Amino acid sequence: MTLYKRNTVKDVTLEDLSGVRKLLKKAPLNYEKYSTSFLFSTERQDGINGIIDYRGKKVLTPASSGDQYVGAVYYDAKEVETYDINRITFYMTCLKIASIRELDYEEFISFFTPLDEFGCLRKSFWNLGTLKRLLKIMPFDVAYFWDTIMFEAQKTGFLFLTVPEHNSNELYNIKSGMPFYKNKEEYYKLQRKLRERDYPRFIESDLLSLKEKLSSSYDIIYLSNIIECLVHLELRNYYMGDASLENYHERDITEKVMQQVLPFLEENGTILVSYRANRDYSYCLDWLYNNDFFEVYSIPSKYPRDFGGWNSGDTDLVLTYRPKKTGKIVQF
C-alpha cells in the first residue's frame, strides 16, 4: 500500500512505473527511455573540476547516477540542470540527493552501497525502512515512484533496474576521486549545499535531439561518454578493427552532437566532450582524441589499472572543447 492517492499522481509518473515494471522482467538491448541505471559514476569529479572549474557556472550534465550533478553542486556550480534519454536516471538522481540530504555519512554508505566485503547484497541496501524517511523530502511524484516500485524491485534482486555487482559499486571505487564520498567532513559539506537547493530540472532527451528541448545557455555542457556510446552502437553491425570506419563515425556523430549543443554554449564556455577511463593517451589513435579542435587532459585513474582490460592505463582522459579559448571552431 503506497502513501499516495493514485489520482493525484501525474500521468508521466504512472507511465514511468509501467516502463520500469517491464524493465524488471527484461533488459533492453539499447539505451532507451527505460534502461538500467547505475548507482555510481565511472568518472572522478575532483579531476574533472580541476579542468573545467564548476564554481559559479551554469551547468548542463547527464542525470546518469546523479554523481555528475552532486559533483557540480559540491564544487559550487551556480546552477545545474540534467538531461538523459533514460527516465530512470531522473529518479535515481533524486533518490541520491534525498539520501545525502537526510542520512548521516555511515547511513548513506550503508543504504547506497549494495555489496558487503564478501560480495553479498547488504540487507541495508535500499532498505524499505530507510526509504520511508527519504520519501518525506522527495518531490511528490518521485516519492510515489519509489514507494511503489522499491518492494517490487527487491523481489527481483534489483535485476535490470540497476547492477549491484558492477565494479563502480565497490567501496574503493566509489570513494576514488570523490571527496564527498571518501571523507565524512566533505560529505557533510555536500549535504549542506544540497539542502539549500531544489531538486534539479530534468530534460528527457537523446543527445542527438537535445536542441529541441533547450531554452537557455550554459557555461559548461557535460557530454560524459555519450558520443563514444553512440559510435559503438553504429559499429556493432561491422567487423571490429576497421580504424577508418571508427574515425568516420566519430566525426559524423561529433558533428551532429555539436550542432545540437553549440548554440547553447556561452561565449567563454566549455564542453566536456568525452571521458575515457583507464587509458594511456598513447593507445588513443582514433580521430576523437586526435584532431585540431579538442584538448586532451590526463588525470589519475579512478579505478585500478587492470579495470580496463588489455590496454588499461593509470590515467583517465578528459576531452574538452573551448572554442573561445582556443580560437578553433569545429568544421567538418
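The values are calculated or read from the model by the stated rules, or taken from the named source; none is laboratory data. Quantities reported herein were computed from a predicted structural model and do not represent experimental measurements. Note that each Cβ is placed from the backbone with ideal geometry, even for glycine, and that neighbours are counted across all protein chains shown. All accessible areas refer to the heavy atoms of the entire protein, side chains included, with ligands and DNA or RNA removed. Shrake-Rupley method; radii C 1.70, N 1.55, O 1.52, S 1.80 Å.
Could you run through the stretch 261-280 and say how many residues are assigned to a strand (DSSP E or B) and touching a residue at least 60 places away in the same chain (Cβ under 8 Å)?
4
Go through the stretch 19-114 and tell me which helices (runs of 4 or more DSSP H), entirely inside it, have 1 or more residues that are among the basic types (Lys, Arg) and in contact with a helix residue (DSSP H, G or I) (Cβ under 8 Å, 6 or more places away or on another chain).
Hits in the stretch 19-114: 88-102.
Does Cys229 fit the bill of being over 30 Å from Val12 (Cα atoms), in contact (Cβ under 8 Å) with a residue 24 or more places away in the chain and either in contact with a Leu (Cβ under 8 Å, 6 or more places away or on another chain) or not small (Gly, Ala, Ser) (or both)? Spell out how you get there, then give the answer.
Values: over 30 Å from Val12 (Cα atoms): no; in contact (Cβ under 8 Å) with a residue 24 or more places away in the chain: yes; either in contact with a Leu (Cβ under 8 Å, 6 or more places away or on another chain) or not small (Gly, Ala, Ser) (or both): yes.
No.
Of the residues Tyr199, Tyr181, Tyr172, only one is open to solvent by less than 60 Å² (accessible area, probe 1.4 Å), among the aromatic types (Phe, Trp, Tyr), within 21 Å of Glu43 (Cα to Cα) and within 19 Å of the chain's Cα centre (by Cα); which? Break it down into steps so the answer makes sense when it comes.
Values: Tyr199 fails: within 21 Å of Glu43 (Cα to Cα); Tyr172 fails: open to solvent by less than 60 Å² (accessible area, probe 1.4 Å).
The match here is Tyr181.
Out of all the residues in the stretch 217-247, which are hydroxyl-bearing (Ser, Thr, Tyr) and modelled with pLDDT under 95? It would help to see each step written out before you state the result.
Filtering the stretch 217-247 for residues hydroxyl-bearing (Ser, Thr, Tyr) gives 217-218, 222, 224, 238-239, 244.
Tyr238, Tyr239, Ser244 - these are the residues of the stretch 217-247 that are hydroxyl-bearing (Ser, Thr, Tyr) and modelled with pLDDT under 95.
Exactly one of these conditions fails for Glu234: (1) of a type in the set (Asp, Glu); (2) in contact (Cβ under 8 Å) with a residue 40 or more places away in the chain; (3) farther than 26 Å from Cys94 by Cβ. Give me its number.
With (1) of a type in the set (Asp, Glu); (2) in contact (Cβ under 8 Å) with a residue 40 or more places away in the chain; (3) farther than 26 Å from Cys94 by Cβ applied to Glu234, the lone miss is (2).
Going by what's in this entry, would Phe140 be described as open to solvent by 60 Å² or more (accessible area, probe 1.4 Å), within 15 Å of Leu17 (Cβ to Cβ) and without any contact (Cβ under 8 Å) to a residue 40 or more places away in the chain?
Answer is no for this residue.
Please find, among Arg236, Arg192, Arg251, the residue that is closer than 24 Å to Thr320 by Cβ, of a type outside the set (A, V, I, L, M, F, W, C) and open to solvent by 60 Å² or more (accessible area, probe 1.4 Å). Step through it out loud before you land on a result.
Numbers: Arg236 fails: closer than 24 Å to Thr320 by Cβ; Arg192 fails: closer than 24 Å to Thr320 by Cβ.
After applying the criteria, what remains is Arg251.
Quick one: Tyr303 ticks every box in (1) under 27 Å from Glu170 (Cα atoms); (2) touching a helix residue (DSSP H, G or I) at 6+ places or on another chain (Cβ under 8 Å); (3) open to solvent by 10 Å² or more (accessible area, probe 1.4 Å); (4) modelled with pLDDT under 95 except a single one, so which number is it?
Checking Tyr303 against (1) under 27 Å from Glu170 (Cα atoms); (2) touching a helix residue (DSSP H, G or I) at 6+ places or on another chain (Cβ under 8 Å); (3) open to solvent by 10 Å² or more (accessible area, probe 1.4 Å); (4) modelled with pLDDT under 95, the one that fails is (3).
Suppose we filter the stretch 95-117 for residues that are among the basic types (Lys, Arg) and touching a residue at least 60 places away in the same chain (Cβ under 8 Å); how many remain?
Count: 1.
Among the residues of the stretch 144-170, which ones are assigned to a helix (DSSP H, G or I) and within 16 Å of Arg305 (Cα to Cα)?
Of everything in the stretch 144-170, those that are assigned to a helix (DSSP H, G or I) and within 16 Å of Arg305 (Cα to Cα) turn out to be Asn167, Ser168.
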